[in-house]
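Undergrad: Please find one structure pasted underneath; my questions will follow.
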Amino acid sequence: MASTNQRGNTSDGVSRRRLLVGTGSILGAAALIGGTPTANAQPLAATDIPDGANVPVIIVGTGYGGAVAALRLAQAGISVQMIEMGQDWVTPGSDGKIHPKVTSPDYRSFWMRTRTKAPLSNFLGFPIDKAVPKYAGILDAEDFAGITVYQGRGVGGGSLVNGGMAVTPKRQNFASVLPTVNADEMYNTYYPRANAGLGVGLIDPDWFERTSYYQYSRVGRKHAQRSGFGWTFVPDVYDWNYMVAEDNGTVPKSALGQEILYGNNYGKKTLAKTYLAQARATGRVTISPLHEVTSVSPAAGGGYVVAMKQIDTSGNTVATKSAKAARVFFAAGSVGTSKLLVKLRATGALPGLNDQVGQGWGDNGNVMVGRANHVWDSTGDVQSTIPCSGIDNWDAGGAFAEVAPLPTGIETFASFYLSITKNPNRAAFSYNAGTGGVDLSWQTAWKQDSITMAKTIFDKINKKEGTIYRSDLFGTNKIWGDHLTYHPLGGAILGKATDNYGRLAGYSGLYVIDGALIPGNTTVNPFVTITALAERNIERIIATDL
Ligand code: FAE
């Protein structure tokens with residue numbers, strides 16, 4: 001095989017992309033090393049928080065909850081300091097792009113790993129992961145004993161890596177999502193506000209029927225409907241007009257150019273382009289990337305001391321700092337917020353947090369599966385990375401399945417799905433004094449409930465179509481992707497670890513405002529609900545606490 005240089009070009013002048021297509025599968029990726037970090041090797045000095053800063057508000061994390069809080073606090077005239085452990089993804093790498101394709105992960109792809117950990121680990125049974133330099137990449141595959149939790153790292157949190165599917169739960173299911181929240185308020189005010197703030201839109205149905213990039217979705221629809229299942233378009237924050245222009249060849253390709261899991265260079269309305277852009281435009285919001293909060297504790301004389309470490313892109317600590325804030329919002333995501341709070345309670349920094357902190361964590365019932373189609377049901381060698389449709393069997397079988405892409409660049413004859421299921425199991429975070437880390441009690445076997453629910457859809461489709469499951473995508477002879485979640489939820493449940501607006505019990509001026517508040521399941525993809533709940537809570541907090 002030709003050798004590969006740092007830019008991903010092979011010595012015979014063939015680009016990595018062409019090499020992969022030329023080998024006829026994504027397996028070629030396994031043999032290639034992940035490039036070398038050259039760009040953005042230094043922390044972004046312009047927004048570094050000074051040691052000893054004294055600010056009104058610190059927000060830990062820049063995902064959905066944090067972005068909503070920052071914007072609304074700033075609009076209320078309050079200065080906000082955001083602390084984000086990941087990078088501000090604004091600087092192109094050596095290939096001129098900020099983000100690599102999903103088919104060619106490199107140093108930018110994973111958070112502090114020396115080997116990629118793609119959600120689909122195999123193809124035709126062969127492993128596809130490969131060595132990469134340790135780097136502050138965009139996707140964290142965080143391993144706990146029973147589950148790998150995928151999360152976005154950087155300014156914009158999960159919005160940097162997710163599929164952008166922006167789904168409001170059916171109203172009849174809302175009582176199971178957030179039992180202590182008034183549904184009328186959410187559906188009349190906060191869901192509409194969230195959808196507007198996020199820039200949610202729907203695919204043009206006529207273009208959907210025409211474009212070769214959604215052949216896989218049309219096949220998914222045909223199979224769902226022939227088996228009698230409800231099939232629905234799913235809204236998304238991707239700029240649909242941009243995607244049509246991609247198809248027309250008038251703009252650079254992003255969703256139609258295999259970009260998603262490791263970032264989209266164009267087209268997706270991430271938080272950096274919506275809530276955070278608006279927040280920054282107020283002039284009252286400062287974001288310090290590559291800073292990780294390590295502790296929060298009461299300050300003498302009131303307020304809180306927030307300790308943090310500043311890292312470089314290799315993960316080395318370049319400074320330790322502390323700042324004082326009158327109020328602190330935990331928006332580090334379900335896992336990030338829960339880990340921090342559990343550790344701070346156990347180690348004596350915040351001993352008054354109640355025993356609900358760390359409880360009630362769920363995986364939104366995520367489970368993945370592929371089906372092998374007949375050769376006359378081709379799903380297309382070109383596929384948009386942005387899913388636009390789902391199969392709804394929630395009421396009858398407890399599963400809502402997204403028809404997901406497999407954007408390999410070749411015809412796979414596979415239909416691929418990420419299901420959200422009514423999995424009832426809930427795990428707890430606990431401090432491990434031996435390792436100094438935080439463990440999660442989730443057990444892989446608990447996914448069996450999700451598999452059973454997903455099978456209510458796919459067993460029936462397979463029977464009707466005379467097809468079988470793929471067993472080569474998650475290992476050798478392994479059908480179900482039951483080792484992971486994209487949708488961590490809970491750990492500081494609304495009304496239990498906090499009051500009904502996210503105020504942490506035991507500490508005035510400490511708030512949770514992210515997915516940690518939600519008790520484990522949203523019945524659909526979660527970020528619209530996280531955003532809407534944050535809109536609801538911050539409105540009340542600004543009105544009464546500030
Ligand atoms: P999140 O967005 O995770 O933000 C937390 C931020 O805090 C991150 O930027 C962290 O780097 C940062 N952080 C953590 N700890 C610290 C610390 N100690 N110090 C400083 N910063 C810290 O939280 N959801 C959908 O609704 N639709 C989809 O299509 C969809 N697709 C997904 C695909 C993938 C591959 C993944 C990973 C997730 C997907 N999700 C999707 C889930 C969605 O992105 C997730 O629910 C939200 O991002 C969670 O929002 P939070 O505000 O809770």
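The values are calculated or read from the model by the stated rules, or taken from the named source; none is laboratory data. If you're wondering where the values come from, they're calculated on a predicted model, not measured in any experiment. Using ideal geometry, Cβ is built from the backbone for each residue, glycine included, and neighbour counts are taken over all protein chains shown. What goes into the accessible areas is simple: the full protein's heavy atoms, side chains included, and nothing from ligands, DNA or RNA. Shrake-Rupley method; radii C 1.70, N 1.55, O 1.52, S 1.80 Å.
Undergrad: Distance check, please: which entries in Lys268/Lys478; Lys101/Lys463; Lys170/Lys422; Lys447/Lys478 exceed 24 angstrom between their Cα atoms? Each step should come with its number before you reach the end.
TA: On the way: Lys268/Lys478 33 Å; Lys101/Lys463 35 Å; Lys170/Lys422 14 Å; Lys447/Lys478 14 Å.
As for pairs spanning more than 24 Å Cα to Cα, those are Lys268/Lys478; Lys101/Lys463.
Undergrad: Next question. Which percent of the accessible heavy-atom area of region 412-507 goes to carbon and sulfur, probe 1.4 angstrom? Don't jump to the answer; show the numbers that get you there.
TA: Values: 2020 of 3760 Å².
Summing carbon and sulfur atoms, their accessible area is 54 percent of the total for region 412-507.
Undergrad: Taking every alpha carbon pair in region 350-393, what does the distance histogram look like in 10 angstrom bins from 0, in percent?
TA: Pair shares across the bins are 14, 31, 21, 14, 13, 7, 1.
Undergrad: Related question: Students often forget the sequence filter, so: which aspartates and glutamates lie under 19 Å Cα-Cα from Lys343 once same-chain residues fewer than 8 apart are removed?
TA: Reachable aspartates and glutamates: Glu84, Glu142, Asp143, Glu292, Asp355, Asp439, Asp514.
Undergrad: Provide the packing ranking of 101-108, 404-411, i.e. peptides ordered by the mean count of other C-beta atoms within 10 Å per residue, highest first.
TA: Details: 101-108: 24.8, 404-411: 21.9.
Packing proxy ranking, top to bottom: 101-108, 404-411.
Undergrad: What's the magnitude of the charge dipole for the chain around its Cα centre, counting Lys and Arg as +1 and Asp and Glu as -1 at the beta-carbon? Answer in Debye, nearest 20. Kindly include the intermediate steps, with their values, before the conclusion.
TA: Working: 49 positive and 42 negative charges, 51 e Å.
My answer is approximately 240 debye.
Undergrad: Highest first, please rank the peptides 55-64, 175-184 by the mean number of other Cβ atoms sitting within 10 Å of their residues.
TA: Values: 55-64: 26.9, 175-184: 15.5.
Those peptides, ordered most packed to least, come out 55-64, 175-184.
Undergrad: Separate question: Over the alpha carbons of region 420-477, what is the largest minus smallest coordinate on each principal axis, giving the biggest first in Å?
TA: 53, 27, 14
Undergrad: In degrees between 0 and 90, to the nearest 10, how far off the longest principal axis of the chain does helix 527-545 point, with axes built from Cα atoms?
TA: Result, in degrees: 10.
Undergrad: What fraction of the DSSP beta bridges in region 2-545 is antiparallel, stated in percent and rounded to the nearest 5? Before the final figure, lay out the partial values.
TA: Numbers: 60 of 80 bridges.
Roughly 75 percent of the DSSP beta bridges within region 2-545 come out antiparallel.
Undergrad: Checking the cross-link filter: which lysines have an alpha carbon closer than 18 Å to that of Lys460, excluding same-chain neighbours under 8 positions apart?
TA: Lys222
Undergrad: If you don't mind, there's one more thing I want to ask. At 0.36 nm per residue, and after removing the present C-alpha to C-alpha distance, how many nm does the segment from Ala299 to Asn188 gain when stretched out fully? Provide the component values of the computation, followed by the final result.
TA: Details: separation 111, 0.36 × 111 = 39.96 nm, distance 3.99 nm.
Fully extending the segment from Ala299 to Asn188 adds 36.0 nm.
Undergrad: Along the charge dipole of the chain, which of Ala277, Trp89, Ile541 sits closest to the positive end, that is, farthest toward it, with unit charges on the beta carbon of Lys, Arg, Asp and Glu (+1, +1, -1, -1)?
TA: Trp89
Undergrad: Could you quote the convex hull projected area for region 166-249, Cα atoms only and averaged over all directions, in nm²?
TA: On the way: hull surface 28.0 nm².
The orientation-averaged projected area of the Cα hull of region 166-249 comes to 7.0 nm².
Undergrad: Still on this structure, I have one more. Return one whole number: the accessible area per residue of the chain in Å², for a 1.4 Å probe. All intermediate terms of the calculation are to be shown ahead of the outcome.
TA: Details: 19000 Å² over 546 residues.
Averaged over the residues of the chain, the accessible area is 35 Å².
Undergrad: Pull up all non-local amide H partners of Asn500: gap of 5 or more, or a different chain, and H-to-H distance under 5 Å with H placed in the peptide plane.
TA: For Asn500, the qualifying residues are Gly495.
Undergrad: Under 17 Å between alpha carbons, and skipping anything fewer than 8 positions from Lys464 in its own chain: which aspartates and glutamates qualify?
TA: Asp377
Undergrad: Please give the charge dipole size of region 243-293, origin at the Cα centre, charges +1 on K and R Cβ atoms and -1 on D and E Cβ atoms. Round to the nearest 20 debye.
TA: Numbers: 6 positive and 4 negative charges, 53 e Å.
Here region 243-293 has a charge dipole of around 260 debye.
Undergrad: Where the eigenvalues come from the Cα gyration tensor of the chain, what are the semi-axes √(5λ) of the equivalent ellipsoid, largest first, in whole Å? Walk me through the numbers on the way to the answer.
TA: Working: eigenvalues 259, 150, 95 Å².
Those come to 36, 27, 22 Å.
Undergrad: How far apart, in nm, are two points set 7 Å out from the Cα along the Cα-to-Cβ line at Asn241 and at Arg210?
TA: 1.6 nm
Undergrad: Whole-Hz Karplus ³J(HN,Hα) for region 210-217, in order, using 6.51 cos²θ - 1.76 cosθ + 1.60 and θ = phi - 60°, x for Gly and Pro?
TA: 8, 6, 5, 6, 10, 3, 4, 6
Undergrad: I've got another one for you. Express in nm, to one decimal, how much length is gained between Thr148 and Asn477 on full extension, taking 0.36 nm for each residue of separation and deducting their alpha carbon distance. Could you put the intermediate results ahead of the total?
TA: Working: separation 329, 0.36 × 329 = 118.44 nm, distance 2.00 nm.
Contour length minus the Cα-Cα distance gives 116.4 nm.
Undergrad: Sticking with this structure for a sec: Roughly how tilted is helix 333-346, in degrees to the nearest 10 and between 0 and 90, from the longest Cα axis of the chain?
TA: 40 degrees
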